[in-house]
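Working notes for the structure below.
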Amino acid sequence: MSSIKIECVLPENCRCGESPVWEEASNSLLFVDIPAKKVCRWDSLSKQVHQVTVDAPVSSVALRQSGGYVATIGTKFCALNWEDQSAIVLATVDKDKKNNRFNDGKVDPAGRYFAGTMAEATASGVLEWHQGSLYSLFPDHHVEKYFDQVNISNGLDWSLDHKIFYYIDSLSYSVDAFDYDLQTGKICNRRSVYKLEEEEQIPDGMCMDAEGKLWVACYNGGRVIRLDPETGKRLQTVKLPVDKTTSCCFGGKDYSEMYVTCAREGMDPESLLQQPEAGGIFKITGLGVKGIPPYPYVG
């Protein structure tokens, strides 16, 4: 086993960094800062960061086959034109729930954009439960709703054989699996494949590696964990020097590097002194496993 190296490659001070996605064509990492309403693109060669600011919290970003990107902004699925920094609305969800916004999203192997919603915490910090739903934006821009009663819709990915959909509702403290139909996008037969342990805290973003194992970022747990979804066993824990790890993806040459986003919002001054890299982008090398390229939205 090669030795694992963890470094903060971008001290970005994200309030809530999320949705890391590797763009091979530009050797860049895309990510968002949700409350800052920013979509960012970090060039791994020049080390430059470019960003587009949008008009509402932006919770996920994905590649688009026809060029540019797609993103979930507020309760809208949007197309993002990087050159003129414009966002075009493709569809809107949860119109009856003014306090809702999208959270994590990802494109499935057939090119549909899956994303779920949640209620924003109120001014007093109270989170309304069961307000979210899981949706998918199809290539023809119609939206399908899979289920509601979601607390915090979060990490999602698909098995290598495209037969299982993995999903996290953070406040269930569980990684769940569904049977998945690639042709129709339908999901059914929900079951839990891993229940988080107390010190692992809250399951957040998630990605699949080339061996069919899941990597889950643990919010407030300061770690990513590698799971075998078939046996329900945790295979590995990689701890980071920040607590609020939010999501992870593979990227870099051969997809052999892991990138991890994190947050600094909600941390007290003492914690920020102890974790000066909170809100940064981390790169983990030496894991000895590779990822798979992200799928682009085909609409």
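The values are calculated or read from the model by the stated rules, or taken from the named source; none is laboratory data. The structure displayed is predicted, hence computed values, not measured ones. Cβ: placed from backbone, ideal geometry, glycine included. Neighbour counts: every protein chain shown. In case anyone asks, the SASA skips ligands and DNA or RNA and just uses the protein heavy atoms, side chains included. Shrake-Rupley method; radii C 1.70, N 1.55, O 1.52, S 1.80 Å.
Which residues, counting only those in the range 92-132, are among the hydroxyl-bearing types (Ser, Thr, Tyr) and within 20 Å of residue 16 (Cβ to Cβ)? First the steps, then the outcome.
Initial filter on the range 92-132 (among the hydroxyl-bearing types (Ser, Thr, Tyr)): 92, 113, 117, 122, 124.
Selection gives 117, 122, 124.
Considering only the range 1-26, state which residues are open to solvent by 60 Å² or more (accessible area, probe 1.4 Å) and without any contact (Cβ under 8 Å) to a residue 60 or more places away in the chain. 25 - this is the single residue of the range 1-26 that is open to solvent by 60 Å² or more (accessible area, probe 1.4 Å) and without any contact (Cβ under 8 Å) to a residue 60 or more places away in the chain. When you go through (1) open to solvent by 50 Å² or more (accessible area, probe 1.4 Å); (2) part of a strand (DSSP E or B) one by one for residue 121, which number turns out not to apply? Status for residue 121: all satisfied but (2).
Among residues belonging to the range 237-291 that are of a type in the set (Phe, Trp, Tyr) and crowded, with 20+ Cβ neighbours inside 10 Å, point out the one that is farthest from residue 106 (Cα to Cα). The qualifying residue farthest from residue 106 (Cα to Cα) is 282. Is it the case that the range 73-83 has a residue that's open to solvent by 30 Å² or more (accessible area, probe 1.4 Å) and either in a loop (DSSP other than H, G, I, E, B) or under 24 Å from residue 180 (Cα atoms) (or both)? Yes: one or more hits.
In the range 273-299, the residues that are touching a residue at least 60 places away in the same chain (Cβ under 8 Å) form Cβ pairs under 6 Å with partners that are of a type in the set (S, T, N, Q), at six or more places apart or across chains, as follows: 279/13; 286/2; 286/3; 288/2; 290/256; 296/65; 298/65.
Please go through the range 101-117 and pick out each residue that is under 18 Å from residue 57 (Cβ atoms) and either touching a His at 6+ places or on another chain (Cβ under 6 Å) or open to solvent by less than 20 Å² (accessible area, probe 1.4 Å) (or both).
102, 103, 104, 105, 113, 115, 116, 117
Can residue 54 be described as crowded, with 16+ Cβ neighbours inside 10 Å and more than 17 Å from the chain's Cα centre (by Cα)?
Yes: the conditions hold for residue 54.
State whether one or more residues within the range 16-34 are farther than 16 Å from residue 70 by Cα and under 15 Å from the mean Cα position of the chain (by Cα). Within the range 16-34, one or more residues are farther than 16 Å from residue 70 by Cα and under 15 Å from the mean Cα position of the chain (by Cα).
Within the range 208-236, the residues that satisfy the criterion of being open to solvent by 10 Å² or more (accessible area, probe 1.4 Å), of a type outside the set (Lys, Arg) and more than 19 Å from residue 274 (Cα to Cα) are 210, 211, 212, 228, 229, 230, 231, 232, 235, 236.
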